[in-house]
Amino acid sequence: MKTKSWQDWGLLAAGVWLLISLFALKLMPPSTPAAVLFAVCGMILLVSASQALVMPDPVEEWIDLVTGVALVAGGIFGEPAVAVNAVVVGAVVVTCAFSALRAQRRA
């Protein structure tokens with residue numbers, strides 16, 4: 001069994017930030033595509049990272065990787081602050097997920 005990794009905690013923090021950023025960037029109610037993207041990706045990351053902390057499985061890391069790519073791809077639309085947030089958080093998610101996959105492969 002894998003121990004709790006820093007990557008899982010980073011992914012959990014990214015999910016929490018995406019949900020908080022809905023309010024910080026004044027995207028509530030979720031009527032814009034960016035708000036929907038943040039809400040959906042934030043919830044996916046929260047569930048996936050929480051599951052990885054309890055019972056790790058490589059599938060969660062792949063889900064996180066796809067979620068991060070979706071954030072980066074979705075970040076090219078919208079206001080500059082929203083786009084920067086999506087690209088930066090997406091890059092963090094991709095980095096954490098890729099690092100976790102590499103760590104699991106070595107173990």
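For the condition touching a Ser or Thr at 6+ places or on another chain (Cβ under 9 Å) and not aromatic (Phe, Trp, Tyr), what is the one hit in Val47, Val40?
Working: Val47 fails: touching a Ser or Thr at 6+ places or on another chain (Cβ under 9 Å).
Within the list Val47, Val40, the selection yields Val40.
Test Leu18 against the criterion of being within 19 Å of Ala81 (Cβ to Cβ), of a type outside the set (Asp, Glu) and at pLDDT 90 or above, and give yes or no. Against the criterion (within 19 Å of Ala81 (Cβ to Cβ), of a type outside the set (Asp, Glu) and at pLDDT 90 or above), Leu18 qualifies. Residue count for segment 34-54, restricted to those that are farther than 21 Å from Ala24 by Cα and without any contact (Cβ under 8 Å) to a residue 40 or more places away in the chain: 5. Do the conditions hold for Val89, that is, is it touching a Phe, Trp or Tyr at 6+ places or on another chain (Cβ under 7 Å), closer than 13 Å to Gly15 by Cα, β-branched (Val, Ile, Thr) and touching a residue at least 24 places away in the same chain (Cβ under 8 Å)? It is true that Val89 is touching a Phe, Trp or Tyr at 6+ places or on another chain (Cβ under 7 Å), closer than 13 Å to Gly15 by Cα, β-branched (Val, Ile, Thr) and touching a residue at least 24 places away in the same chain (Cβ under 8 Å). When Ala24, Ala13, Ala39, Ala70 are checked against the criterion of being closer than 15 Å to Asn85 by Cα, among the small types (Gly, Ala, Ser) and over 14 Å from the mean Cα position of the chain (by Cα), a single residue qualifies: Ala24. Within segment 50-65, the set of residues being part of a helix (DSSP H, G or I) and more than 9 Å from the chain's Cα centre (by Cα) comprises Ser50, Gln51, Ala52, Leu53, Val54, Pro58, Val59, Glu60, Glu61, Trp62, Ile63.
The values are calculated or read from the model by the stated rules, or taken from the named source; none is laboratory data. Computed from a prediction, not measured in an experiment: that's the story for all the values here. Neighbour counts are summed over all protein chains in view; Cβ atoms, including those assigned to glycine, are modelled from backbone coordinates with ideal geometry.
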